[in-house]
Amino acid sequence: MYRITKLQRGGEVELMNFVDHLLENIAVIPANEIIDTALDKWGSTKHGINEENSLKYPQFINDLLHIADLDTSAHFEGLLAFVCHCDRLGFANTIKAFRNIKSDKDAGILEEIFNLPDVQALYGARDAKLSDQTVERIVILGTELYFNRPDTDMWELLEDYLEKEIYNYTLHTKHRLKN
């Protein structure tokens with residue numbers, strides 16, 4: 001079993017160093033270990049992705065990080081924390097990540113939450129608050145997400161997606177190095 005070593009600076013895990021290290025070794029790490037490691041590393045960092053920094057990484061890495069961000073936030077702080085702490089672009093990229101892995105039901109639920117008027121108001125003014133009705137709607141929609149549905153395996157979809165994308169990434173990288 002391959003393990004990525006814990007990269008630290010000042011006692012905090014440096015997520016982007018982790019991602020750089022991951023990309024250097026991506027061809028030898030099974031997709032399920034990449035997911036487990038990303039969730040483990042993400043759980044020890046403050047949630048929220050710096051969308052500007054994430055642009056330097058391949059789309060499949062961004063998708064993994066956005067899904068890990070939602071999963072970690074929802075499990076440790078609740079779905080409402082994710083909704084309230086994520087910015088407009090981060091939320092849109094999370095929806096895109098679920099679409100990319102073909103978890104369309106989850107993408108649709110997140111999109112419905114994202115489009116709630118009170119949620120949109122959060123992105124216009126950080127002092128905006130969610131009404132009780134909106135909170136109730138988010139909670140109800142959250143019960144339909146992958147972590148509350150036994151009929152789907154979002155993790156299997158993510159693993160399949162990563163395997164395909166890692167293969168393409170390593171093939172492209174080898175081809176680029178050859179030329």
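The values are calculated or read from the model by the stated rules, or taken from the named source; none is laboratory data. Values in this document were obtained by computation on a predicted structure and should not be read as measured data. Reconstructed Cβ throughout: ideal geometry from the backbone, glycine too, with neighbour counts over all protein chains shown.
General remarks:
- Residue among Ala121, Ala81, Ala74, Ala97 that alone is in contact with a Gly (Cβ under 8 Å, 6 or more places away or on another chain), assigned to a helix (DSSP H, G or I) and among the hydrophobic types (A, V, I, L, M, F, W, C): Ala74
- Condition check for Phe91: in a helix (DSSP H, G or I), of a type outside the set (Val, Ile, Thr), under 20 Å from Asp69 (Cβ atoms) and free of Cβ contacts under 8 Å to residues at least 40 places away in the same chain: yes
- Qualifying residue in the range 131-150 (condition: assigned to a helix (DSSP H, G or I) and over 21 Å from Leu70 (Cα atoms)): yes
- Odd one out for Asn53 among (1) at pLDDT below 85; (2) closer than 18 Å to Leu110 by Cβ; (3) part of a helix (DSSP H, G or I): (2)
- The range 64-73: number of residues that are closer than 24 Å to Glu136 by Cβ, modelled with pLDDT of 90 or more and of a type in the set (Gly, Ala, Ser): 0
- The listed residues are Leu171, Leu141, Leu122, Leu130, and the only one of them that is surrounded by 11 or more Cβ atoms within 10 Å (Cβ to Cβ), at pLDDT 95 or above and either touching a Ser or Thr at 6+ places or on another chain (Cβ under 6 Å) or on the phi < 0 side of the Ramachandran plot (or both) turns out to be Leu141.
- Which numbered condition Ile29 fails, given (1) in contact with a Pro (Cβ under 9 Å, 6 or more places away or on another chain); (2) modelled with pLDDT of 80 or more: (1)
- Residues in the range 100-118 that are over 15 Å from Thr152 (Cα atoms), part of a loop (DSSP other than H, G, I, E, B) and in contact with a helix residue (DSSP H, G or I) (Cβ under 7 Å, 6 or more places away or on another chain): Leu116 alone.
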